[in-house]
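The values are calculated or read from the model by the stated rules, or taken from the named source; none is laboratory data. Note that the structure is predicted; figures quoted are calculated from it, not measured. Cβ placement follows ideal geometry from the backbone for every residue including glycine, while neighbour counts extend to all protein chains displayed. Please note that ligands, DNA and RNA were not included when accessible areas were found on the heavy atoms of the full protein model with its side chains. Shrake-Rupley method; radii C 1.70, N 1.55, O 1.52, S 1.80 Å.
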Amino acid sequence: MSDDEADRPAARTYLFVLSDAGGTVPPEIGVARRLAERGHHVTVLADDALERPALLAGARFRPTTGRVMEPFHDWAIRTPPGIARGMAEEMIVGPAPVQAADTAAAIDELRPDLVVVSSFAVGAMIAAESRGVPFDLLMPNTYALPAKGMPPFGVGLAPGHGALGALRDRAFGAAGRRLFDHYALAPLNAVRTDHDLDAVATMWNQMQHAHRQLVLTSAAFDFPAELPANARYVGPILDDPEWAADETWTPPDGDDPLVLVAMSSTFQNHVECLQRITDALGELPVRGVVTTGPAVLPGAIRAPANVSVVASAPHRLVLREASLVVTHGGHGTVIKTLAAGLPLVILHHGRDQADNAVRVTERGAGVAISRRSSTQRIARAVGEVLGDDRYRQAAAKLGEAIARDVAGSALLDELEGPARDQASSTIT
């Protein structure tokens, strides 16, 4: 028996209940993969779109009986109330009643030691509570819930300072809480009532009921704050998505700096922006590689001679050769880039991307410009970052801390911890 096998705990049963939110899928499936590789019994309950990634990760798959969650077209919504209402109805409480029923049935059949859920899988959280089974919450980005000292999520703010900074954070946080509660709280509590649970005061309380909040990033990347006692930074998951992981890739010929362009894996109305980025690289002495992902066909982008446009490529290989990454600022792409010690140019579109961008710029590891920037402005930004070694040095420094967290054992320590030994006995 190897030392690694000797250190492994006895096999346990884990039920993952995941939402297909695009870029969150690879890290969340990556967590399931790591448990399956250590001999645990892992089942993923999700929409059919996650069946192939789950099976490739070594997990069993259990399909939801509800409607398949359609992509949320947040890019077409212009107002914060519209975003909040859409998220509530499409991603959070809309799927919750059926998700709760599916999860309760899976718990009754599988009797898991632990339920592991996506951030918005509130139906699964409710079912786990009602069955007396602990659940862990996955946060595949920076810390997203209200916390003292943490800028409000989704706004793209740097940390505040002093009394005015604290006032700013409280005001933004309260406004965000009221906005989401307006659309989500009553239907959330209706599902809790259906499962014989008391009402919660705010939607965020449901997430705060988790046994552990597992933050899938590095504390070195996030801003410092006073997190609750059940929150843990467990390091990022750098796995490529299953549709790119097995791709082969050969660097383009030449000695000019290689620039990787990696935008959203879900559609964010970003074709015109992607075209302007590609045109900007055509004006520079670089070799460009543009990966469009499943949201955009490569043929939709006109490419100059020094730029190749492909549907996908394994970023873990491309980053070994690259000098810079241009991106929309999704957490997965940003954290992989920094772990490789590379600087970024970020044109954030929405979601958590402005938050990721400000964490990069505050550390001097890149620049952020408007997604509406002209070809010339993009070219200047790329030239600036490539021409100033301070960006690369800052990215490398931050990347060293991130790489240490990636290599650490914090994630498995939490998921396999001794508290799980009594978890099965709590099922009612």
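Cβ-Cβ below 6 Å, separation at least six or inter-chain, first residue in the range 293-305 and within 21 Å of Leu258 (Cβ to Cβ), second assigned to a loop (DSSP other than H, G, I, E, B): which pairs?
Gly293/Ser265; Pro298/Thr292; Pro298/Ala311
Looking at (1) farther than 30 Å from Pro187 by Cβ; (2) open to solvent by less than 50 Å² (accessible area, probe 1.4 Å), can you tell me which one Pro224 breaks?
Looking at each condition in turn, Pro224 falls short on (2).
What do you reckon, is Thr337 of a type in the set (Ser, Thr, Tyr) and at pLDDT below 95?
In short, no.
Determine the pairs where a residue that is within 13 Å of Glu129 (Cα to Cα), located within the range 184-207, has a partner that is at pLDDT below 95 and of a type in the set (Ser, Thr, Tyr) with Cβ atoms under 8 Å apart, the partner being 6 or more residues away or on another chain.
Met207/Ser119
Can you tell me which residue is surrounded by the fewest Cβ atoms within 10 Å (Cβ to Cβ) among those in the range 102-114 that are in contact with a strand residue (DSSP E or B) (Cβ under 7 Å, 6 or more places away or on another chain) and part of a helix (DSSP H, G or I)?
Checked the range 102-114; the qualifying residue surrounded by the fewest Cβ atoms within 10 Å (Cβ to Cβ) is Leu110.
Considering only residues that are of a type in the set (Gly, Ala, Ser) and part of a helix (DSSP H, G or I), look in the range 125-155 and name the one that is nearest to Ala101 (Cα to Cα).
The residue in question is Ala127.
Determine the pairs where a residue that is more than 20 Å from Phe135 (Cβ to Cβ), located within the range 212-229, has a partner that is outside any loop (DSSP other than H, G, I, E, B) and among the polar types (S, T, N, Q) with Cβ atoms under 9 Å apart, the partner being 6 or more residues away or on another chain.
Phe221/Asn356
Report, by residue number, each residue of the range 242-259 that is at pLDDT 80 or above, open to solvent by 20 Å² or more (accessible area, probe 1.4 Å) and at negative phi.
Scanning the range 242-259 gives Thr250, Pro251, Pro252, Asp253, Asp255, Asp256, Pro257.
Looking at the range 286-300, can you tell me whether even one residue there is small (Gly, Ala, Ser), under 17 Å from Gly22 (Cα atoms), touching a His at 6+ places or on another chain (Cβ under 9 Å) and open to solvent by 10 Å² or more (accessible area, probe 1.4 Å)?
Yes, that holds for at least one residue.
Say we look at the range 227-241 and pick out the residues that are touching an Asp or Glu at 6+ places or on another chain (Cβ under 8 Å) and open to solvent by 30 Å² or more (accessible area, probe 1.4 Å); which of these is nearest to Asp405 (Cα to Cα)?
Among those residues, the one meeting the criterion is Tyr233.
Could you check the range 156-260 for helices (runs of 4 or more DSSP H) lying wholly inside it with 2 or more residues that are farther than 30 Å from Val290 by Cβ?
Hits in the range 156-260: 162-194, 203-208.
Confirm whether Leu317 is modelled with pLDDT under 95 and closer than 17 Å to Leu260 by Cα.
Against the criterion (modelled with pLDDT under 95 and closer than 17 Å to Leu260 by Cα), Leu317 qualifies.
Looking at the range 326-372, which of the residues that are of a type in the set (Lys, Arg) and over 17 Å from Lys397 (Cα atoms) is farthest from the chain's Cα centre (by Cα)?
Top of the filtered list is Arg372.
Scan (1) at pLDDT 95 or above; (2) out of contact with any Gly (no Cβ under 9 Å at 6 or more places or on another chain); (3) in a strand (DSSP E or B) for the single condition Val290 breaks and write down its number.
(1)
Check Thr278 against each of (1) surrounded by 16 or more Cβ atoms within 10 Å (Cβ to Cβ); (2) at pLDDT below 90; (3) polar (S, T, N, Q) and name the one condition it does not meet.
Just one mismatch for Thr278, condition (2).
Going by the structure shown, is Val117 out of contact with any Ser or Thr (no Cβ under 7 Å at 6 or more places or on another chain), within 20 Å of Asp181 (Cα to Cα) and buried (at least 24 other Cβ atoms within 10 Å of the Cβ)?
When the stated conditions are applied, Val117 does not pass them.
How about the range 193-213: which of its residues are farther than 13 Å from Ser118 by Cα, of a type in the set (A, V, I, L, M, F, W, C) and open to solvent by less than 80 Å² (accessible area, probe 1.4 Å)?
Listed by number, the residues that qualify are Leu197, Ala199, Val200, Met203, Trp204.
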